[in-house]
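Here it is, the structure, as structure tokens.
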Amino acid sequence: MTVLTSISEASLVLPARLITALADPARLRILNLIRHGGEVCNCQIGPVTGYIPSKISRHLTLLKQAGLLTERREGTFIHYQLARHADAINRQLLTLLDAIATADPCLQADRASLDAHRCC
């Protein structure tokens, strides 16, 4: 039996997109680096994660499409920062990421490695 309501699921599109963006270990690692570094150059992500450039690019694109990142170009380098959001959902997701990073040895190691791999 299907129950029809006048309430639309449209309001769930953005939260679902954000949660989907976080539902991948590579994107969690990249977002963790940017959260920790404040601004991270594309040249820093590979040495820390070991990911190839095409994988990094694909995941950065998905994070940007979800509205989590913004970028600043400087020559051939692209610097990524967290998008500035005032909404509660984004703040809660970043709080969740911080909690995961505090408990996860991989994300902790990535943060320490980022500190050693400063930008070009």
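A short reminder: the numbers here are calculations on the coordinates, not readings from a lab. The structure presented is a predicted model; accordingly, all values stated were derived computationally and were not measured. Glycine gets a Cβ as well: all are built from the backbone with ideal geometry, and neighbour counts include every protein chain shown.
Averaging the inverse of every distinct alpha carbon separation and then flipping it gives the Kirkwood radius. What is it for the chain, in angstrom units?
Final number for the Kirkwood radius of the chain is 15.3 Å.
Right, another one. Starting from the 7 Å offset along Cα-to-Cβ, what nm value, one decimal, do you get for the label separation of Gln108 and Thr76?
3.7
Between the helical axis of 53-65 and the dominant principal axis of the chain, each derived from Cα atoms, what acute angle in degrees is found, rounded to the nearest 10?
40
Something else: If the only charges are +1 at each Lys and Arg Cβ and -1 at each Asp and Glu Cβ, what is the size of the charge dipole of the chain around the Cα centre, to the nearest 20 debye?
220
Using the Cβ atoms and a cut-off under 15 Å, what net charge is assigned to the surroundings of Leu107, where Lys and Arg are +1 and Asp and Glu are -1?
-1
Once both axes come from the Cα atoms, what is the angle between helix 25-37 and the longest principal axis of the chain, in degrees from 0 to 90, rounded to 10?
That helix lies at roughly 60 degrees to the long axis.
Now a separate question. Set Lys and Arg Cβ to +1 and Asp and Glu Cβ to -1, take the dipole of the chain about its Cα centre, and tell me which of Ala66, Val40, Ile78 lies farthest positive.
Ile78
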